[in-house]
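Here's the structure, in structure tokens; my notes come after.
The values are calculated or read from the model by the stated rules, or taken from the named source; none is laboratory data. These numbers come from a predicted model, not from an experiment. Virtual Cβ from ideal backbone geometry, glycine too; neighbours counted across all protein chains shown. Remember, those area values only see protein heavy atoms, side chains included, never the ligands or the DNA or RNA. Shrake-Rupley method; radii C 1.70, N 1.55, O 1.52, S 1.80 Å.
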Amino acid sequence: MSFPEVRMRRLRRSEGLRRLVRETRVGPADLVQPLFVVSGSGVDRPIPSLPGQRHISPDVAGALAAEAHARGVGGMLLFGLPDDKDEQGSSAWDDAGPVQSALREMRAQAPGLPLMTDVCLCQYTSHGACGVLREGEVDNDATLPLLARVAVSHARAGADAVAPSDMMDGRVAALRASLDGEGFERTAIFAYSTKFASAFYGPFRGAAGSTPKSGDRKGYQLDPANAREAVREALLDAAEGADAVMVKPALPYLDVIARVRDACPLPLAAYQVSGEYAMLEAAAAAGALDRRTAILESLTAIRRAGADLVITYWASEAAEWLT
Ligand code: PBG
């Protein structure tokens, strides 16, 4: 059968009909809100490179967690900005650091809200690389025990899941072994499995103070041209014991999300990164598109491609629209 018996428009006639046959839904529970935590108390200041996002102290993080939990947001992902940096990034595993302190506040003020932490050294190293350097290159194997110390300190402070974003080989297995060895066998690992060497992280690096002092991250993050390699990364992380895998960025990599979805049964997260956020915010501010409709369309597209959950700077705001 075809036209005129077939009329695709029949089921598009009203919002009720469209809702009935909608294939993809986005709800607050699918969204994870990133937070940028600094030390101190009562700190809440706008981030110039990410308008709409804030640098907050642990007490403010606690209050935001309670608010997000009440809105039904799926979870929060913490990034820390330390007071001190060194060659090794040792402030990353300081039990009194901003992330660790925020976790305790958030745990107390929003029990039941899933809390995830980014595990990487780039905000904490004086050189801005994601691991320790040897002859100007990030030393993979020497970095693994340091990342494991970070993960254990986050688990100790109450993280439900740690999310390694460093892209060292073997880090999921290293984290799992250390977490289990320290009695944190219940802490999950959300692996940033397929993290591309992307220009779309630009605003984040300003927000997190993690711009590399020299060079780039192409020696460990994936080449944007490679989708088969991305599937291999996801499967390797699954084999090392990851509980969930991630694709990052999201919108320019929808094909990768779809491929990883097909190849790997683990829960799949997609990270709608800072450059995607900045791009849409700038277009909306310029009057080029309707902000809210465009945000919801982008989230729907990421879910449609196969992501179970979306890490997005719009999580808390979108959750309010979606309830
Ligand atoms: C840290 C990290 C980065 C992002 C998440 N974790 C930056 C990078 O790898 O350069 C990017 C997030 C964003 O752009 O929103 N390794």
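This table checks each residue for (1) over 10 Å from Val119 (Cβ atoms); (2) touching a residue at least 60 places away in the same chain (Cβ under 8 Å).
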site	(1), (2)
Ala142	yes, no
Ala151	no, no
Asp160	yes, yes
Pro164	no, no
Met167	yes, no
Leu175	no, no
Leu179	yes, no
Arg186	yes, no
Phe190	no, yes
*asked:* Could you check segment 73-92 and list, in sequence order, the residues that are outside any helix (DSSP H, G or I) and over 18 Å from the mean Cα position of the chain (by Cα)?
replied: Pro82, Asp83, Asp84, Lys85, Asp86, Glu87, Gln88, Gly89
*On the given criteria, is Ser49 modelled with pLDDT under 95, hydroxyl-bearing (Ser, Thr, Tyr) and open to solvent by 30 Å² or more (accessible area, probe 1.4 Å)?*
yes
*Just one of Ala155, Ala163, Ala129 is buried (at least 19 other Cβ atoms within 10 Å of the Cβ), in contact with a strand residue (DSSP E or B) (Cβ under 6 Å, 6 or more places away or on another chain) and within 24 Å of Gln33 (Cα to Cα); which is it?*
Ala163
*How many residues, within segment 272-306, are within 20 Å of Leu50 (Cβ to Cβ) and either within 16 Å of the ligand (Cβ to nearest atom) or in a loop (DSSP other than H, G, I, E, B) (or both)?*
18
_With the structure loaded, tell me whether Ala163 is assigned to a strand (DSSP E or B), aliphatic (A, V, I, L, M) and touching a Phe, Trp or Tyr at 6+ places or on another chain (Cβ under 6 Å) or whether it fails that test._
yes
*Could you please give the count of residues in segment 218-236 that are in contact with a Ser or Thr (Cβ under 9 Å, 6 or more places away or on another chain) and farther than 18 Å from Ala258 by Cβ?*
2
*Please verify whether segment 211-228 includes one or more residues that are polar (S, T, N, Q), within 24 Å of Glu297 (Cβ to Cβ) and within 16 Å of the chain's Cα centre (by Cα).*
no
_Top-ranked residue of segment 29-46 - restricted to ones that are hydrophobic (A, V, I, L, M, F, W, C) and in contact (Cβ under 8 Å) with a residue 40 or more places away in the chain, ranked as most open to solvent (accessible area, probe 1.4 Å)_ = Ala29
*Those residues that are within 15 Å of the ligand (Cβ to nearest atom) and in a loop (DSSP other than H, G, I, E, B), I need them from segment 126-158; list them, please.*
His127, Gly128, Ala129, Cys130, Gly131, Val132
_Subset of segment 186-200 (residues that are under 17 Å from Leu251 (Cβ atoms) and open to solvent by 40 Å² or more (accessible area, probe 1.4 Å))_ = Ala199, Phe200
*segment 93-123 - residue that is open to solvent by 10 Å² or more (accessible area, probe 1.4 Å), more than 26 Å from Asp139 (Cβ to Cβ) and assigned to a loop (DSSP other than H, G, I, E, B) and, of those, nearest to the ligand (Cβ to nearest atom)*: Pro114
*Out of Ala282, Ala315, sole residue that is open to solvent by less than 10 Å² (accessible area, probe 1.4 Å) and small (Gly, Ala, Ser)*: Ala315
_So Gly183 passes all but one of these: (1) crowded, with 23+ Cβ neighbours inside 10 Å; (2) on the phi > 0 side of the Ramachandran plot. Which condition number does it fail?_
(1)
*Return yes when Phe200 is touching a strand residue (DSSP E or B) at 6+ places or on another chain (Cβ under 6 Å) and either touching a residue at least 12 places away in the same chain (Cβ under 8 Å) or of a type in the set (A, V, I, L, M, F, W, C) (or both) and no when it is not.*
no
_Can you find a residue that is buried (at least 17 other Cβ atoms within 10 Å of the Cβ) and touching a strand residue (DSSP E or B) at 6+ places or on another chain (Cβ under 7 Å) anywhere in segment 135-146?_
no
*Would you tally the residues in segment 192-233 being among the hydrophobic types (A, V, I, L, M, F, W, C) and more than 9 Å from the ligand (Cβ to nearest atom)?*
7
